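*Asks:* Pasting in a structure now, in structure tokens, and then I'll have a few things to ask.
The values are calculated or read from the model by the stated rules, or taken from the named source; none is laboratory data. None of the values given here were measured: they were computed from a predicted structure. Please note: Cβ atoms are built from the backbone with ideal geometry, for glycine as well, and neighbour counts cover all protein chains shown.
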Amino acid sequence: MAGGRELTVITYRGIFQEVEEARGMYSDGYRDQSAVVALDGRDMKEMGVEAGEPVRLATASGDVVVAAKLSEEDHPGVAFMPASPWSAQLLSGDVGEDGFLELKRFAARASPGEGEVTTIGEIEAGIKAP
């Protein structure tokens with residue numbers, strides 16, 4: 001995959017995301033807080049993306065397009081993403097070596113995205129598809 005980068009994605013819950021979720025999961029505010037991935041500046045440069053641009057994240061379980069966010073700290077090879085319907089599309093449901101589902105840390109391939117950020121409606125439609 002040209003311009004792609006293998007990353008370890010760490011998920012987290014954020015207070016601003018939770019505030020927006022309370023307002024509604026279909027709101028622009030919830031998407032803006034949840035459909036993002038914080039990347040190291042060197043990783044962004046290697047992929048050829050800038051803050052606010054779309055990034056496609058893909059695993060064997062699924063893929064989504066989210067917005068790139070420049071991280072304030074250096075952490076090459078590691079990305080941070082809110083625990084949300086967007087990150088859930090990438091999870092395998094496999095049990096890790098420690099016996100827990102791999103929900104907090106997983107490997108993903110990141111590349112410049114085409115088009116718009118995946119909408120919650122697209123995620124919902126994919127879940128309902130047979």
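*Asks:* Would you point out which residue out of S92, S111 is at pLDDT 90 or above and either crowded, with 17+ Cβ neighbours inside 10 Å or under 16 Å from the mean Cα position of the chain (by Cα) (or both)?
*Replies:* Values: S92 fails: at pLDDT 90 or above.
Just a single option satisfies the conditions, and that option is S111.
*Asks:* Can you find even one residue in segment 52-68 that is assigned to a strand (DSSP E or B), in contact (Cβ under 8 Å) with a residue 60 or more places away in the chain and either more than 17 Å from A110 (Cα to Cα) or aliphatic (A, V, I, L, M) (or both)?
*Replies:* Looking for residues that are assigned to a strand (DSSP E or B), in contact (Cβ under 8 Å) with a residue 60 or more places away in the chain and either more than 17 Å from A110 (Cα to Cα) or aliphatic (A, V, I, L, M) (or both), one finds none in segment 52-68, hence no.
*Asks:* Restricting attention to segment 38-49, does a residue exist that is over 21 Å from A107 (Cα atoms) and surrounded by fewer than 19 Cβ atoms within 10 Å (Cβ to Cβ)?
*Replies:* We begin by selecting, within segment 38-49, every residue over 21 Å from A107 (Cα atoms); these are none.
Within segment 38-49, none of the residues are over 21 Å from A107 (Cα atoms) and surrounded by fewer than 19 Cβ atoms within 10 Å (Cβ to Cβ).
*Asks:* Pick out the one residue from M44, M25 that is among the hydrophobic types (A, V, I, L, M, F, W, C) and modelled with pLDDT of 95 or more. Break it down into steps so the answer makes sense when it comes.
*Replies:* Details: M25 fails: modelled with pLDDT of 95 or more.
Criteria check complete, one pass: M44.
*Asks:* Is it the case that some residue within segment 62-71 is within 23 Å of G93 (Cβ to Cβ) and of a type in the set (S, T, Y)? Can you show your working first?
*Replies:* The first filter runs over segment 62-71 and keeps only residues within 23 Å of G93 (Cβ to Cβ), leaving 62-66.
With of a type in the set (S, T, Y) added as a condition, the list becomes none.
Scanning segment 62-71 turns up no residue that is within 23 Å of G93 (Cβ to Cβ) and of a type in the set (S, T, Y).
*Asks:* Let me ask another. Out of curiosity, is Y30 modelled with pLDDT under 90, closer than 19 Å to V117 by Cα and assigned to a loop (DSSP other than H, G, I, E, B)?
*Replies:* On the way: modelled with pLDDT under 90: yes; closer than 19 Å to V117 by Cα: yes; assigned to a loop (DSSP other than H, G, I, E, B): no.
In short, no.
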